[in-house]
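Heads up: the structure comes next, in structure tokens.
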Amino acid sequence: EIKRFRGSKYVQSKIGDTYRQAKDFLEEGRKVLFTGTPCQISGLKSYLGKDYDNLFCMDNICHGVPSPEVWKKYVDFREKKSGSTTQRIAFRLKNEGWKRYSILFLFKNNTEYRENFRKDLFMRAFLKNACLRPSCYDCNFKTINRESDITLADFWGIQRISPNMDDDKGTSLIFINSDKGQSMFEKIKDKIQYEEVDIHQAVSYNSAAIKSVEYNPKRDSFFEELDKLDFDDLVNKYCTDKLSIRIKRKIKAIVRIVLEKLGLLNFAKSILRK
């Protein structure tokens, strides 16, 4: 069932009783690979209170953790729009390539929603830092010196650092943080294509590795109206770049002037009405 873990998930995971389960397995002598955000790995280490030779930890470079309530509201919004419940969700569909990935909802009535991440409502709120947990704006775990054995992430900027490793299908960035992590890597390195790069150069394109997200001053208002506005109205109100709106208006005005001078304005309007 390991394939069910595959794929990015921009939602808060449920730790549940996994710390206790991990401890029970470790005490039984079983090998445990625990994956999570940097703060979850730190939480596990704190809970265990000691090192285990049979524990392997892997974290990721985390932008921030979005509110489960916001995610629930978004899924409800999409299902209402489609008139059906959700069958499958994919956060990183690569139909437009790795850098312009899409969000996909498949519904049980055989319809689908698919949109570029820059236009998807939930991803706009996520990337504008309007719906993250309060702790994510002052994260103590964003650092190169990590508690995990291995860190995995997207290698943003790979096209500049090592163009030969960029196929627009996704290149991973790997930090090896411990002797255990090095041992894990040594066992698989002959099965993968890899290249060693300077870690400081790598994180220069992925500041989320070492820097907390900036607090969005509209966050409180966003949550105050979460239950009052339709999801699309909420995001458009609090997660739209005003500069972009002004630029679009200027472009429209320029296009209108050009069409008027060419005598094509009425023709263009008739085409748009069709």
Practice problem: May I ask you to list the residues in region 205-237 that are open to solvent by 80 Å² or more (accessible area, probe 1.4 Å) and either assigned to a loop (DSSP other than H, G, I, E, B) or among the aliphatic types (A, V, I, L, M) (or both)? | Solution: Tyr205, Ile210, Lys211, Glu214, Tyr215, Pro217, Asp227, Lys228, Asp230
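Could you tell me which residue of region 115-170 is nearest to Tyr74 (Cα to Cα), considering only residues that are acidic (Asp, Glu) and either open to solvent by less than 40 Å² (accessible area, probe 1.4 Å) or over 13 Å from the mean Cα position of the chain (by Cα) (or both)?
Residue satisfying both the conditions and the ranking: Asp120.
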Quiz item: How many of the residues making up region 1-40 are farther than 12 Å from Leu55 by Cβ and part of a loop (DSSP other than H, G, I, E, B)?
Solution: 15
Exercise. Could you check, for region 36-48, whether at least one of its residues is at pLDDT 95 or above and open to solvent by 70 Å² or more (accessible area, probe 1.4 Å)?
Key: yes
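Could you pull out the residue among Tyr205, Tyr238 that is at pLDDT 95 or above, of a type outside the set (A, V, I, L, M), under 22 Å from Arg118 (Cα atoms) and under 31 Å from the mean Cα position of the chain (by Cα)?
On the way: Tyr205 fails: at pLDDT 95 or above.
Answer to the check: Tyr238.
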Quiz prompt | Flag if Gly43 is in a helix (DSSP H, G or I) and either without any contact (Cβ under 8 Å) to a residue 24 or more places away in the chain or touching a Gly at 6+ places or on another chain (Cβ under 9 Å) (or both) | solution = yes
Quiz prompt | Total residues in region 72-84, condition more than 17 Å from Cys131 (Cβ to Cβ) and open to solvent by 70 Å² or more (accessible area, probe 1.4 Å) | solution = 2
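The values are calculated or read from the model by the stated rules, or taken from the named source; none is laboratory data. Every value quoted in this text rests on a predicted model; they were computed, and no experiment measured them. Positions of Cβ are backbone-derived with ideal geometry, glycine not excepted, and every protein chain shown enters the neighbour counts. We work out accessible area using only protein heavy atoms, side chains counted, and drop any ligands, DNA or RNA first. Shrake-Rupley method; radii C 1.70, N 1.55, O 1.52, S 1.80 Å.
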